[in-house]
């Protein structure tokens, strides 16, 4: 076999292998993307895709499964831009609309990689923007439709008196459980999913091991005096011997043997908040209160690590808001 024939054969084999690899990559692009996402991220994106699919069905009459990358064929930047406007006019929170747009942009990128959307259309989709925070507040003042969904325009920051009142729970099985929920959220700034995932084995003296599933990191935190007292009281009375440290409860207040779900944790915080006169309180409000208070005396790096964030973006907001704007400015006349 001549050298030229051998070279041509080698090139042919490379091209054949590349074609198979490209086809396989295109067929599994969504699976590989979703595989690396946290469960909460996957659920949120499923909701975002369902909302866009419903919009497209109303507009075009076509029922699409947008989890299937091939159903993105025909989706254009104009349709996505129209969806953003529709969601804003429907009264959805600007943050919710921004999240949905981010999901669509990510999935459009997968469709582009799979060869379903061409380069020009993908580039145009990337130009679609959601309103910024300041623009969102102006939009809120102009739209007639009341806000839809559970996301508030702004999180609640509790006062020190409200924090103290919220931590005071009845000395009953449910009250002792609620005190653990409230103090861990308020004093450690946990996400609700991180709270519900805690097990008895995660606690050792004044320390607790927390798995931050959102950033795939496990940390050790020192309990505050209030949190330690609440946990010790719970462990000495009503906590299970093993498994999830928190227990669910029935409407009458009796405890179940099942762990506390995220939905139930929301209900606990909302009920306890209403008892002190704060309606609609959520676990995120307690995390927000923690971050706001912690930022006043913490570096942005310490706040990032304690809050389980992957970057400095979010903690920077809290530190900047807590800072005195003209601190360090020296005037000379």
Quiz item: Relative to the longest principal axis of the chain, what angle (0 to 90°, nearest 10) does the C-alpha long axis of helix 313-322 take?
Solution: 40 degrees
Quiz prompt | Tail weight of P(r) past 15 Å, computed on alpha-carbon pairs of segment 190-239, percent | solution = 45 percent
Exercise. Give the order of 318, 266 when sorted by the count of other beta carbons within 10 angstrom, beginning with the fewest.
Key: 266, 318
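Take 267, 226 and order them by how many other Cβ atoms sit within 10 Å, fewest up front.
Going from sparsest to densest Cβ surroundings: 267, 226.
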Exercise. Throw me the Rg/Rh for segment 160-322, computed over C-alpha atoms with Kirkwood Rh, two decimals.
Key: 0.95
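Let me have the relative contact order for segment 160-322, percent, based on Cα pairs under 8 Å that are six or more residues apart.
25 percent
Can you give me the relative contact order of segment 37-142 as a percent, contacts being Cα pairs under 8 Å and 6 or more apart?
Working: 84 pairs, mean separation 30.5, N = 106.
Across segment 37-142, relative contact order equals 29 percent.
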Quiz prompt | Spin-label pair residue 105/residue 54, simplified geometry with 7 Å Cα→Cβ offset, distance in nm | solution = 2.4 nm
Practice problem: Return 138, 304 ranked ascending by Cβ neighbour count within 10 Å, so the fewest neighbours appear first. | Solution: 138, 304
Quiz prompt | Measure of compaction for the chain (Cα Rg per 2.2 N^0.38 Å) | solution = 1.26
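Multiply the residue separation of residue 267 and residue 164 by 0.36 nm, subtract the distance between their alpha-carbon atoms, and state the gained length in nm to one decimal. Before the final figure, lay out each step's value.
Details: separation 103, 0.36 × 103 = 37.08 nm, distance 1.94 nm.
Net length gain for the segment: 35.1 nm.
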Quiz item: GNM, the chain, Cα, under 10 Å: largest mean-square fluctuation among 93, 274, 230?
Solution: 274
Quiz item: segment 278-333 to segment 176-192: how many Å between their Cα centroids?
Solution: 19 Å
Practice problem: Measure nothing fancy, just the Cα-based angle from helix 173-188's long axis to the longest principal axis of the chain, in degrees from 0 to 90, nearest 10. | Solution: 60 degrees
Quiz item: For labels at residue 132 and residue 276 in the simple 7 Å Cα→Cβ model, what's the distance in nm?
Solution: 3.5 nm
Self-check item: For segment 37-142, alpha-carbon Rg over 2.2 N^0.38 Å
Solution: 1.05
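Evaluate the relative contact order of the chain (contact order divided by residue number), counting alpha-carbon pairs under 8 angstrom at least 6 apart; express in whole percent.
Working: 364 pairs, mean separation 44.7, N = 333.
Relative contact order of the chain: 13 percent.
Suppose R0 equals 41 Å. What FRET efficiency, 1/(1 + (r/R0)^6) with r the Cβ-Cβ distance, do residue 13 and residue 123 give to the nearest 0.05? Before the final figure, lay out each step's value.
Details: r = 34 Å, r/R0 = 0.83.
So the FRET efficiency works out to roughly 0.75.
Please give the FRET efficiency for residue 299 paired with residue 28, using the beta carbon to beta carbon distance and R0 = 56 Å, rounded to the nearest 0.05.
Numbers: r = 43 Å, r/R0 = 0.76.
In this case the efficiency is close to 0.85.
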Quiz prompt | Rounded to 10°, Cα long-axis angle of helix 133-142 versus longest principal axis of the chain | solution = 80 degrees
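Rule-based calculations on the coordinates, nothing more; no lab input. Keep in mind it's a predicted model, so treat the numbers as computed, not measured. With ideal geometry, Cβ positions are generated from the backbone for all residues, glycine too; neighbour counts draw on all protein chains shown.
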